[in-house]
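A short write-up of the structure that comes next.
The values are calculated or read from the model by the stated rules, or taken from the named source; none is laboratory data. Treat the numbers as computed from the prediction; the structure is a model and nothing was measured. All Cβ positions, glycine included, derive from the backbone under ideal geometry; neighbour counts span all protein chains shown.
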Amino acid sequence: MDDWAEGYFSVAESGELVVRPTKDSEASHNLSDLVEACVGAGASLPLLLNFPDIFRDRIRTQHACFADAIERYGYQGSYACAFPVKANHSGDLVRSVLSAAEEDSLRCSLEVGSKPELLAALSEVCASGAPGCAQIICNGFKDRKYVELALLARKALGADVVLCVDRYEELELVIESSSSLGVEPALGVRAKLSTRHGGHWGATSGPGSKFGLGAREMVLLVRRLRDTGMLGSLRMLHFHLGSQVAEISVVKRAMREACALYAELVSLGAPLGSLDVGGGLALTYDGGGGPWTPDHTAQNYANDVVASVNDMCVQKKVDAPVIVTESGRYLASHHSVLVFEASCGQPSLPPGPEAETRAAGGAMGYFLDTFEEVYEESAGASDPEEAYADAHQFRAEAQSAFSLGVMTLEELARAEELFDGIMERVSRRAPGVGRLESARTSGAVPCLANLSVFRSAIDAWAVKQTFPLVPISGLAEEPDAHARVYDLTCDSDGEFRSVATSGDAPSSVLPFRRDGSGCLTLGLFLVGAYQRSLGCDHNLLGGTWEATVAMREGGGWEVEGLVGAEGAEEVLRRAGYDAGRMRRGVEAAAKGGELQELFDEVLRDSGYLK
C-alpha cells in the first residue's frame, strides 16, 4: 500500500484507513469519519471525495523534485509545471493551479487541447485578476476560431497564450489569422520523435503518431516562418511520449532526441526558450511488479530530464530553456477517492453430514461421499495442488452427471458447495502459487458494488488498468475471505478484474474480513485523473455525489462543497428524453395514483441503489 499511497493514505492501528493530505501524520483523518459527515449533511454513497490539498501538495512535490535536480546539475534555466486540463476538467483543480502560482510562488501553467478547454482556462485566468500570471499552452488540432480565440486573448487580455502547431497544415491558418488580427503570436511546435514507448499509450509517440511534425515538416515550418518574418515568434518545442511511461530508459532516449532537435532549431534561428517535455511521469497503481509499475521515482525522472537539457546547453552552447512538464496523471490521481458500498453474498458454509442437501445413498451417493472425503482431507493436505486438481475433476463429473439426468439438482448443489469449500481452503494455504492462483477466483464471494465501472473507473475496463481497492475500515484483522467485485451495470465487463489491495501484488479478487453483515464499505483510489472526464452513462447511471474536503489550520477539516448525484431525469435528458413528456405520458396512461408518484420520485433520484 505504501507504494501507491505515497504517504497520502495509510492504515491506523485501529484498522481505519486514514487520509493525510500533506503527508503529515499529525493532520490525518479517518475516511469513515469524513464519509459519515458527508452523509449527515445529506449525501449518500457512492461518494467521490476530492482533496484539493493533496493536489496542491503534488504540485509542490513536482516543483521540489525539479528544484533539487536543477541545483544538483547547476542548471541555469528554470522549471514550470503545466496542468493538462483534459486530465480532470474540474474547475476546482484549474483554480488550484492558479492559486498555487500566486500563493506558493510557483511557476504553473495550463495546457488545453480543445476550444472548450481554452474557454475554461481563459475564464479562470481572467477571474484570477491577473490574466498574464499563468501561461496557457494550446495543443490539439485547431480550426480558425480556436486560433483566433488564442490570438485575441493575447491582444485583449495580455494573456500568455502559446499556440502549439500540432500539424503542419495549421501553420498557414496561424499566419493568416495573425496578420488579419494584427497580433504577434507566441508559437510552439510539437515534434514527432522516433522514440516510442511500449505501454498502452505508446501510440501517442513514435513515427506513427497522429500528432506532431517530423524532420521534413519541421524544416519546412522554420523556412516558412523565416519567409514571413515570424521565426522570432517560435518560442517553444514540445513533445509528448504518452501517459504512464514505466521505463526511465525511454524517457532518456526521448530527451536525447528532443534536445538534439532543440539545439538544431536554435541553430536555424528560432529563439525558442521553452522545452515542453509533455507528460508520461508514471504512477505506481499496484504493489509493484505489474506492467503499470514504473522503474523510477519522480525525483529520478526530474534528474534525467534536467541532466539531458543541461548537457545539451553545455555541449551545444545553447541558452538554458524553461523546462515544462504536463504530468496530469501524476498531479491529479491521488486527490480523489470514490467511497461506495458493496453487498457480498455469504460464502459457502463448511459442508457436513447435517446439511439438508446431503445425498443419502442413491445413484450418486458414493460419488458425493468420496467428494466429501476430498473436502475433509483438503484442510490438512500436504499437497494443495492435488486437492485443487481433485476438486476440479469432481466438479466436472458432477456437471456431466447432471446434464445426463443421473444427478439431482440438490446433489449438484452439494457438489458445488464442496468445490467452493476446497477452493477457499486452497486459496488460503497457497495464494499465488502457479495455477492455484485461480482458486482464489473460484472460491471468491460475489460482491455487488453500488457503482458503475464505466462511470467512475472506466479505465478498469477500457485499458485493463489496476486500481487500488481497499475496505476503509476493519484492516487490523487478517482477511478470511476473497471477493470478486462487480458493478451495477448489465454488462459482464463491469467488474474489477485487477485490483491493488493493502497487500503487495495486484489480484483479481479483494481480500476482506467477514463480519456477518454481508456489507463492505470500500475506497477506490487514484481515480482523480481521466476517470471523471472519460466516464460514460452506461445503463443511464450518471455522476455520483461529490464532496470537496479541505484541511484547516490546527489539523481540522471542512466539507467545502457538496454536490448531489445526477438524477435520472438529467441523465435521460442527455439521451434525448424529455422529462415533462415522460411524466405526461405515464400520467395519462396511469391516471395518476401511486405509480405516478413513484415514477416522479425515481425520475428525481439517481440510478444508484439506496
*Residue among 164, 133 that is assigned to a loop (DSSP other than H, G, I, E, B) and either under 19 Å from residue 189 (Cβ atoms) or in contact with a helix residue (DSSP H, G or I) (Cβ under 9 Å, 6 or more places away or on another chain) (or both)*: 133
_Could you check region 88-119 and list, in sequence order, the residues that are buried (at least 18 other Cβ atoms within 10 Å of the Cβ) and in a helix (DSSP H, G or I)?_
93, 94, 96, 97, 98, 100, 101, 117, 118
*Output for region 498-541, where each listed residue is of a type in the set (D, E, K, R) and either in a helix (DSSP H, G or I) or at pLDDT 85 or above (or both)*: 513, 532, 537
_Return the pair list, or none, for Cβ contacts closer than 9 Å from residues in region 389-410 that are of a type in the set (Lys, Arg) to residues that are not in a loop (DSSP other than H, G, I, E, B), at least 6 apart or on different chains._
395/371; 395/415; 395/416; 395/418; 395/419
*Members of region 25-80 found to be surrounded by fewer than 19 Cβ atoms within 10 Å (Cβ to Cβ), free of Cβ contacts under 8 Å to residues at least 60 places away in the same chain and of a type in the set (Asp, Glu), listed by number*: 33, 36, 71
*Could you say which residue among 270, 258, 263 is crowded, with 22+ Cβ neighbours inside 10 Å, part of a helix (DSSP H, G or I) and either touching a residue at least 24 places away in the same chain (Cβ under 8 Å) or touching a Gly at 6+ places or on another chain (Cβ under 8 Å) (or both)?*
258
*Does any residue of region 126-144 turn out to be among the acidic types (Asp, Glu), more than 18 Å from residue 81 (Cα to Cα) and in contact (Cβ under 8 Å) with a residue 24 or more places away in the chain?*
yes
*Would region 235-247 turn up any residue that is of a type in the set (Gly, Ala, Ser) and either surrounded by fewer than 18 Cβ atoms within 10 Å (Cβ to Cβ) or closer than 26 Å to residue 318 by Cα (or both)?*
no
_Only one of 527, 509 is over 28 Å from residue 91 (Cα atoms), touching a residue at least 24 places away in the same chain (Cβ under 8 Å) and surrounded by 22 or more Cβ atoms within 10 Å (Cβ to Cβ). Can you tell me which?_
509
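Yes or no: region 291-299 includes at least one residue that is touching a Pro at 6+ places or on another chain (Cβ under 9 Å), part of a loop (DSSP other than H, G, I, E, B) and over 27 Å from residue 78 (Cα atoms).
Initially, region 291-299 is screened for residues touching a Pro at 6+ places or on another chain (Cβ under 9 Å), giving 292.
When the remaining residues are screened for being part of a loop (DSSP other than H, G, I, E, B), the result is 292.
Subset that is over 27 Å from residue 78 (Cα atoms): 292.
Among the residues of region 291-299, at least one is touching a Pro at 6+ places or on another chain (Cβ under 9 Å), part of a loop (DSSP other than H, G, I, E, B) and over 27 Å from residue 78 (Cα atoms), which makes the answer yes.
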*Out of 249, 180, 209, which single residue is modelled with pLDDT of 90 or more and either under 29 Å from the mean Cα position of the chain (by Cα) or part of a strand (DSSP E or B) (or both)?*
249
*Select from region 401-437 the residues that are at pLDDT below 85, outside any helix (DSSP H, G or I) and buried (at least 17 other Cβ atoms within 10 Å of the Cβ) and list them in ascending order.*
430, 431
*Please specify each residue of region 212-234 satisfying the condition of being part of a strand (DSSP E or B) and crowded, with 23+ Cβ neighbours inside 10 Å.*
234
_I'd like to verify a number: residues in region 438-463 that are modelled with pLDDT under 90 and not hydrophobic (A, V, I, L, M, F, W, C), how many?_
6
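Any residue at all in region 396-405 that is touching a helix residue (DSSP H, G or I) at 6+ places or on another chain (Cβ under 6 Å), under 18 Å from residue 444 (Cα atoms) and small (Gly, Ala, Ser)?
No, region 396-405 contains no residue that is touching a helix residue (DSSP H, G or I) at 6+ places or on another chain (Cβ under 6 Å), under 18 Å from residue 444 (Cα atoms) and small (Gly, Ala, Ser).
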*Could you identify the single residue in 307, 332 that is more than 13 Å from residue 66 (Cβ to Cβ), modelled with pLDDT of 95 or more and either in contact with a helix residue (DSSP H, G or I) (Cβ under 6 Å, 6 or more places away or on another chain) or outside any helix (DSSP H, G or I) (or both)?*
332
*Where residue 333 falls short, out of the listed (1) surrounded by fewer than 20 Cβ atoms within 10 Å (Cβ to Cβ); (2) closer than 18 Å to residue 243 by Cα*: (1)
*Can you find even one residue in region 283-300 that is of a type in the set (A, V, I, L, M), at pLDDT 95 or above and either farther than 26 Å from residue 464 by Cα or surrounded by fewer than 16 Cβ atoms within 10 Å (Cβ to Cβ) (or both)?*
no
*Inside region 559-610, counting only helices (runs of 4 or more DSSP H) that do not spill past its ends, which hold 3 or more residues that are surrounded by 12 or more Cβ atoms within 10 Å (Cβ to Cβ) and under 27 Å from the mean Cα position of the chain (by Cα)?*
568-574
*asked:* Considering only residues that are on the phi < 0 side of the Ramachandran plot, in a loop (DSSP other than H, G, I, E, B) and either surrounded by fewer than 18 Cβ atoms within 10 Å (Cβ to Cβ) or acidic (Asp, Glu) (or both), which ones fall in region 1-24?
replied: 12, 13, 14, 16, 22, 24
